[in-house]
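To keep things clear, I will list the structure first and then write my remarks on it.
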Amino acid sequence: MLKHFGAKDAEDALQKSTLTPSGAIVRMRKWQVPSGEPRMADRIFISFASADKSRAAAACAALERAGLPCWIAYRDVLAGQNYQGAIVHALETAKAMVLVFSARTNESDEVSKELSLASAFKIPVIPLRVEEALPRGALHYELATRQWIDGFDDWDRAMAELVAAIGMTGDRSSVRKPVTAPLAAANGVKPRISEQAIESAQTALMIYIGPIAPVLARKEAAAAASLDDFHERLSRRIRSSEDQAAFLARVRRTPH
């Protein structure tokens, strides 16, 4: 049960996952051998606020004991690798995302970006609540229709439910990615939003939300009914109402 999950348990989980030198070397070598390496589409992306690292490590360890390979940033982003690029690639090819959720998650910009990417890539998201907290703002919107697993009453039962939920997500190795505007045009479908408008909007959006802006711009361009709708959809990805207004003012005065 999570109420018995103390500092020693967290430390043990971290050591088993990354901190024991021999264990880390064995795991790295196992994943680097081509014949035995799990496909990226078989891995579970673990998303968490930095303050919840120990609980994310415990969830990761439990899933891997159950035979479900995971991808977790502090362990799997290699030295010298572009961090943001590694996140995007891991999410694009993941079997599912497990979101370790607590009150701190509401304040995490990185988790918000990862959720947006998961939505764009059509990755199943399974929220695991590690304390009795609820999502707010943009996270409330993203998680409104998700089925939660509560881990703060009975941790072992929650892990069993999590393994079962992941087993129901299916194989994503052949999942078709969302159609972008250029691809739709190549297939004879006239895109609603011009390529110039998409590029202009994503450049403006990057100021406020960073490198995931191009992914979101493509996603919203495919769904928008008009140019104004496209801009409105993108503005809702920005947290501050003041920044939303500034973004809209900028893209609306840009010639398309």
Q. Using the Kirkwood formula over every pair of different C-alpha atoms, what hydrodynamic radius in Å results for the range 193-250?
A. 10.9 Å
Q | Calculated diffusion of the range 53-168, Stokes-Einstein form, Kirkwood radius summed over Cα pairs, 20 °C and 1.002 mPa s, µm²/s | A | 146 µm²/s
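None of the figures in this text is laboratory data; all of them are computed from the coordinates on show. The structure displayed is predicted, hence computed values, not measured ones.
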